[in-house]
Amino acid sequence: MHIRKATLQDLDIITPLFDGYRLFYRQASNLEGASVFLKERLTYNESTIFIAFYDREETEAVGFTQLYPLFSSVSMERMMLLNDLYISPAHRGKGIGTLLINSAKELCISLKQKGIVLQTETTNPAQQLYERLGFNKDPDLHYFWAR
């Protein structure tokens, strides 16, 4: 496996993976919209995306993770939101998620950030991976949503 940070030149590689991620969360396929969304994030440096390749020659992209910057007013520190993690179904269970998350952790440490936060559906089996890699559920905080 080979993990590296994505650039704008990787848009065609990331877009189908991102669309697969959205399908996992029961959204309609929208390759054009996914491409526009990702292009904006990369163009304006609004997110960091790591891509997992099956080999060093980068012939097959098999997963990605996307992180967004956040700030903590209480601690007055920067932190990251690990918003997306997706592995192609044929490549799950091979340690790719671990490699992607560890790349995110290394970035967080190198930038001297407070840490990484994430949210996921209560039924997502990836919770076991998150807990195994040191993420802890916070019993003191509740997530609220408004539109």
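The values are calculated or read from the model by the stated rules, or taken from the named source; none is laboratory data. Please read these numbers as outputs of a predicted model, since none were measured by experiment. Virtual Cβ from ideal backbone geometry, glycine too; neighbours counted across all protein chains shown. The accessibility values were calculated without ligands, DNA or RNA, using every heavy atom of the protein model including side chains. Shrake-Rupley method; radii C 1.70, N 1.55, O 1.52, S 1.80 Å.
The table that follows gives values for the structure above.
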| item | result |
| --- | --- |
| Candidate set: the range 114-144, residues that are outside any loop (DSSP other than H, G, I, E, B) and surrounded by 15 or more Cβ atoms within 10 Å (Cβ to Cβ); chosen: the one modelled with the lowest pLDDT | Gln127 |
| Contacts under 6 angstrom Cβ, first residue in the range 75-89 being without any contact (Cβ under 8 Å) to a residue 40 or more places away in the chain and open to solvent by 30 Å² or more (accessible area, probe 1.4 Å), partner part of a strand (DSSP E or B) and small (Gly, Ala, Ser), 6 or more apart | Met79/Ser72 |
| Some residue of the range 31-52 being under 18 Å from Tyr130 (Cβ atoms), of a type in the set (D, E, K, R) and surrounded by 14 or more Cβ atoms within 10 Å (Cβ to Cβ) | no |
| Qualifying residue in the range 4-17 (condition: open to solvent by less than 60 Å² (accessible area, probe 1.4 Å), within 20 Å of Leu70 (Cα to Cα), among the basic types (Lys, Arg) and at pLDDT 95 or above) | no |
